[in-house]
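See structure below.
The values are calculated or read from the model by the stated rules, or taken from the named source; none is laboratory data. Nothing here was measured: the structure is a model prediction, and the numbers come from that model. Note that we place each Cβ from the backbone using ideal geometry, even for glycine, and neighbour counts take in every protein chain shown.
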Amino acid sequence: MLTLLIAVGSFVGYVVAYHTYGRWISQKVFQLSDDAVVPSHELRDNVDFVPTKRQIIFGHHFTSIAGTGPIVGPAIAVFWGWLPALIWVLVGSVFIGAVHDLGALVVSLRNRGQTVGEVAGRLISPRARVLFLIILFLSLTVVLAIFGLVIATIFKLYPESVLPTWISLPLAVGIGFWVYKKGGGILVPSLGALAVIYFCVWLGAYAFPVNIEALFNIPATGAFPNVVSVWTVILLIYCFFASVLPVWVMLQPRDYVNSHQLVVALGLLMVGVLVAGATGQAQLSSAPAIATQIPSDAPPIWPFLFITIACGACSGFHCLVSSGTTSKQIEKETDAQFVAYGSMLLEGGLAVMVILACCAGVGMGKFTRETDANARGGYSYVEQLDNGQHVTGAAAWTARYDAGGSWQKFKLPQTVGAFIEGGANFLSAIGLPVKLGISVIAVLVACFAATTLDSATRLQRYVVQELAGTLHIKPLTNKYAATLLAVVLAGWVAMLPADASQPSEHPLGSAGTGGLILWPLFGATNQLLAGLAFMVTMFYLWRRNRPVWFIAIPMTMMLIMPAWAMLWQMFNSESGWCYSGQSHLFWTGVAILGIQLWMVIEALLVLPRVKGLLEETLPPLTKTALVGADGASGPNR
């Protein structure tokens, strides 16, 4: 029953928060207005700047910020217990994450769709702008590399997800041309596309799982090429083309269809939770509320809980989506609350479902996954038995979350797998076969991750172009050259050998985790980015004599916690980077903390002098500025 109460109470709480706290920030603090001129109209080029109805841009924004973030983070964090993870998701999403996303979107809307890094140059100082852009560039490079590996790994672990994930792309292109070139409606064709995708989900589960290891005799692990490396290369090639196409061709319609997929999947999960919770099948007591036994090498819950769960509570990556792609498509300013604040609350709802699936769902213990050379796709699902009895409750949860006595062994298959298979257990409570349930949830995860991957590529292109303009590197101001640099650099990072003495070994191969050696840097860097984005929003309000306390509190938290976490990783006596020979991580961490400290000092020096003093107005638009410009206009509102 506790599972049921948490699920229902969380969603009711989010609705209340949207109509109270969210409305106060939107109407009283930011003073959103339908009369404001927005970048999508002012700089319309039908490539990046395209006025878009709010339900469509909501789909793009939500699927771009979500990805695997609200899945992997909570799935790891429940290792410390489900209660701390749940509290951080609920409090963080309402008072920190949603405020962060909305602030970044509004500031960008009122500065011609510029990224928060670009706006920092006028709100704080020119040096702050360059420093911010460098952090954005480093963060997005790691995001592209890691998300490419994540999706490739999902395709390897769940080949049933491949067909429906890729079939969504031509369907999206067809919808885009139908809507924007033929003037047709979008709802009916998108629902038709959703039906096709779910038919392909069934095909993937029962008839045609795309297992390239078996189909093309590609090794699963070892030297390049292997299954993960091949999928990573294919995904990055796709990203190049997807990120330079006009947003209406693929990005908008695909994300709109994916938003419907989310609604269906979340709806099914919610019904499954209601049934399983009401009938007593799903019990949160299967997992510890606060864990008392964790591996000795695991990082401390404080401050690492706030770094591990980013998406779902607060994530710096979201400011890039808000100010990078979404601000260029918002049709009217008042849509910002629905798109940014609403999307973050929905992501919080998804994170709640992940926590429940990884604890109560896994504890239902319906099945386990076994290798079967004779089965299509190379595996089969069998009932989980122990002396003839189902393994359920705490035993089932322990079996999934047993890290072999070491935190280092707790990797992607355990985290993503816990949600996918725990979610499938919930779906089985309403009569959906386990195999089909696995396919439904795996496709949801893969599609979300793919939308984040190509959106991040487009965002990296903007950042490269902005940096190139500042540093006078003219070739990289071209969108194709900037995008090529983004995907090539991400591919190189993804293919980094885990061990320098074995350069032939590929990521996730037998020798190690390749590009994932940079993952420890991402969690802290991503959350530091959130603190810096809060800083830009606070300066925007400070210069206009508007309330800043609701920004200053989370800003302080999101600057201190990530820095604390990175310093622990660098200097803890047992596994600190400076003591364990991981000089690449140590010196990168030093550079990132140095940049953050520099930005904070810049801000503190400027802060007393700019209260009530509006920043310099952007220059008037010219014909040149209208062609693919990243900038904006309008009064200093």
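Please indicate, with yes or no, whether at least one residue in the stretch 212-227 is closer than 19 Å to Val263 by Cβ, buried (at least 16 other Cβ atoms within 10 Å of the Cβ) and in contact with a helix residue (DSSP H, G or I) (Cβ under 6 Å, 6 or more places away or on another chain). Among the residues of the stretch 212-227, not one is closer than 19 Å to Val263 by Cβ, buried (at least 16 other Cβ atoms within 10 Å of the Cβ) and in contact with a helix residue (DSSP H, G or I) (Cβ under 6 Å, 6 or more places away or on another chain), which makes the answer no. Within the stretch 42-70, the set of residues being over 20 Å from the mean Cα position of the chain (by Cα) and in contact (Cβ under 8 Å) with a residue 40 or more places away in the chain comprises Glu42, Leu43, Asp45, Asn46, Val47, Asp48, Phe49, Val50, Pro51, Thr52, Lys53, Arg54.
Pairs linking a residue in the stretch 485-496 that is modelled with pLDDT under 85 and assigned to a helix (DSSP H, G or I) to a residue that is small (Gly, Ala, Ser) and buried (at least 19 other Cβ atoms within 10 Å of the Cβ), with Cβ atoms under 7 Å and 6 or more positions apart or on different chains, are Val493/Ala145; Val493/Gly515; Ala494/Ala145; Ala494/Gly148; Ala494/Gly514; Ala494/Gly515.
For beta carbons closer than 7 Å, sequence separation of 6+ or different chains, a first residue in the stretch 311-339 that is acidic (Asp, Glu) and a second that is surrounded by fewer than 24 Cβ atoms within 10 Å (Cβ to Cβ) and in a loop (DSSP other than H, G, I, E, B), the qualifying pairs are Glu331/Pro51; Glu331/Lys53; Glu333/Leu32; Glu333/Ser33; Glu333/Asp34; Glu333/Ala36.
For the stretch 16-26, the set of residues classified as free of Cβ contacts under 8 Å to residues at least 12 places away in the same chain and either surrounded by 21 or more Cβ atoms within 10 Å (Cβ to Cβ) or not hydroxyl-bearing (Ser, Thr, Tyr) (or both) consists of Val16, His19, Trp24, listed by residue number.
One residue alone among Ile87, Ile96, Ile57 is of a type in the set (A, V, I, L, M), in contact with a strand residue (DSSP E or B) (Cβ under 7 Å, 6 or more places away or on another chain) and on the phi < 0 side of the Ramachandran plot, and that residue is Ile57.
Scan the stretch 119-154 for residues that are over 30 Å from Pro219 (Cβ atoms), of a type in the set (Ser, Thr, Tyr) and touching a Phe, Trp or Tyr at 6+ places or on another chain (Cβ under 9 Å) and the total you get is 1. Residue pairs whose Cβ atoms lie under 7 Å apart, separated by 6 or more positions or on different chains, with the first residue in the stretch 181-201 and more than 15 Å from Val440 (Cβ to Cβ) and the second outside any helix (DSSP H, G or I), do not occur.
Do you know which residues across the stretch 184-208 are buried (at least 22 other Cβ atoms within 10 Å of the Cβ) and either in contact with a Cys (Cβ under 6 Å, 6 or more places away or on another chain) or over 14 Å from Leu171 (Cβ atoms) (or both)? Residues satisfying the conditions are Gly204, Ala205. Only a single item in (1) in a helix (DSSP H, G or I); (2) at pLDDT below 90; (3) out of contact with any His (no Cβ under 9 Å at 6 or more places or on another chain) is not met by Trp302, and it is number (2).
Against the test of being buried (at least 24 other Cβ atoms within 10 Å of the Cβ), at pLDDT 95 or above and either of a type outside the set (Lys, Arg) or not in a helix (DSSP H, G or I) (or both), the options Val78, Val91, Val72, Val99 yield a single qualifying residue, Val99. Residues in the stretch 405-450 that are among the hydrophobic types (A, V, I, L, M, F, W, C), at pLDDT 80 or above and within 20 Å of Gly81 (Cβ to Cβ): Phe419 alone.
Could you tell me whether any residue of the stretch 149-159 is touching a helix residue (DSSP H, G or I) at 6+ places or on another chain (Cβ under 8 Å), crowded, with 23+ Cβ neighbours inside 10 Å, at negative phi and of a type in the set (Phe, Trp, Tyr)? Checking the stretch 149-159: at least one residue is touching a helix residue (DSSP H, G or I) at 6+ places or on another chain (Cβ under 8 Å), crowded, with 23+ Cβ neighbours inside 10 Å, at negative phi and of a type in the set (Phe, Trp, Tyr). From the list Gly121, Gly59, Gly113, the one residue that fits, being part of a loop (DSSP other than H, G, I, E, B) and small (Gly, Ala, Ser), is Gly113. In summary, Leu613 fulfils each of the numbered conditions (1) surrounded by fewer than 14 Cβ atoms within 10 Å (Cβ to Cβ); (2) in contact with a helix residue (DSSP H, G or I) (Cβ under 8 Å, 6 or more places away or on another chain) with the single exception of condition (2). When you check Asp402 against the structure, is it charged (D, E, K, R), at pLDDT below 90 and closer than 30 Å to Leu4 by Cβ, yes or no? Here the answer is yes, as Asp402 does meet what is asked.
Does Leu105 meet the test of being touching a Lys or Arg at 6+ places or on another chain (Cβ under 9 Å), assigned to a helix (DSSP H, G or I) and in contact (Cβ under 8 Å) with a residue 24 or more places away in the chain? Against the criterion (touching a Lys or Arg at 6+ places or on another chain (Cβ under 9 Å), assigned to a helix (DSSP H, G or I) and in contact (Cβ under 8 Å) with a residue 24 or more places away in the chain), Leu105 does not qualify.
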